[in-house]
Every structure is written in C-alpha cells, then in structure tokens.
Amino acid sequence: MTNKESIGSLKAQLYGAETKYSWEHKGWGGKYDHLGIWGLSIVAGYSMLGFLWLVSDDLTVDTPVFWGIFAISTIFVLISRFFFP
C-alpha cells in the first residue's frame, strides 16, 4: 500500500465515521462583547494622548493643543468603532 492509498483509505474512514457531536463557532460574542470592543477602541484611540500627556510638561488641560489632540483622539475612537462594529 502506498502513501496515497493509505491517505485515501484514512480519508474514507474519516468522512464515513459517525459524528458524535459538532458545533459551529460564530465568534467570541456574548453578553459583554460590545463593551470589550468599545474598551479596545478607547485604549487604542487615546493612547497617543496619554503618552504625550505623560511625556510633555507643557501639555496641560488648559492648553488648546491638549484639546486638539483630545478631539483627534475622539475622532479616532469613533472611526475605529465605525470600521469595526
């Protein structure tokens, strides 16, 4: 018996065997799936703001640059939620 013949006989046995149990995976989902996706979007969107806020001494809440970066980060969060619902 050659290798192809043994593979063919194993395939025939496999596809002819009785199925005891099967399931279909439809994604992680669940009750709190949307919260995880929102959390990931917020962490990814505001990571640039958090990094710059920790590193820069001049970036405080009362500067326009802070609010500009905050607005851009908010746009990034909303865009990521639009593209990955």
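Legend: residues Val61, Val55, sorted from most to least accessible area (1.4 Å probe; ligands, DNA and RNA excluded), read Val55, Val61. On the chain, 69 percent of the accessible area sits on carbon and sulfur atoms, based on a 1.4 Å probe. Within the assembled protein chains, the solvent-accessible surface assigned to Glu5 is about 110 Å², based on a 1.4 Å probe. Each residue was assigned an accessible area with a 1.4 Å probe, and for Thr2 the value is about 80 Å². Note on Lys20: lysines with a C-alpha under 21 Å away, same-chain residues under 8 apart excluded, are Lys11.
Its Cα gyration tensor gives region 28-81 an equivalent ellipsoid, and the semi-axes of that ellipsoid, as √(5λ) in whole Å with the largest first, are 27, 11, 7.
Between Phe82 and Tyr15, full extension at 0.36 nm per residue minus the direct alpha carbon distance yields a gain of 19.9 nm.
Note that region 47-58 has calculated 3J(HN,Hα) couplings of 5, 5, 4, x, 5, 5, 5, 6, 8, 8, 7, 7 Hz, one per residue in order, obtained from phi through the Karplus relation 6.51 cos²θ - 1.76 cosθ + 1.60 (θ = phi - 60°); glycine and proline are x.
Note that the chain presents 89 Å² accessible area per residue, ligands and nucleic acids not counted, probe 1.4 Å. Computed over the chain, the per-residue total of -39500 (n - 2.57) for DSSP H runs of n ≥ 4 gives a 222 nm mean residue ellipticity of -23000 deg cm²/dmol, rounded to 500.
The trypsin sites (Lys or Arg not before Pro) of region 2-40 meeting both criteria, a DSSP state outside H, G, I, E and B (loop) and at most 13 other C-beta atoms within 10 angstrom of the site's C-beta, are Lys20, Lys26, Lys31.
Distance between the modelled labels on Ser22 and His34, one decimal in nanometres: 3.3 nm (7 Å Cα→Cβ projection). Note on surface exposure: Trp53, Trp38, Trp23, Trp28 rank Trp28, Trp23, Trp53, Trp38 by accessible area, highest first, 1.4 Å probe.
Maximal additional length on extending the Asn3-Ser56 stretch stands at 12.5 nm, based on 0.36 nm per residue less the C-alpha distance.
The values are calculated or read from the model by the stated rules, or taken from the named source; none is laboratory data. Because the structure is predicted, anything quoted here is derived from the model rather than measured. Because the Cβ atoms are built from the backbone with ideal geometry, glycine has one as well, and the counts that use them run over all protein chains shown. When the accessible area is computed, the model is the full protein with side chains, heavy atoms only, and any ligands, DNA or RNA have been set aside. Shrake-Rupley method; radii C 1.70, N 1.55, O 1.52, S 1.80 Å.
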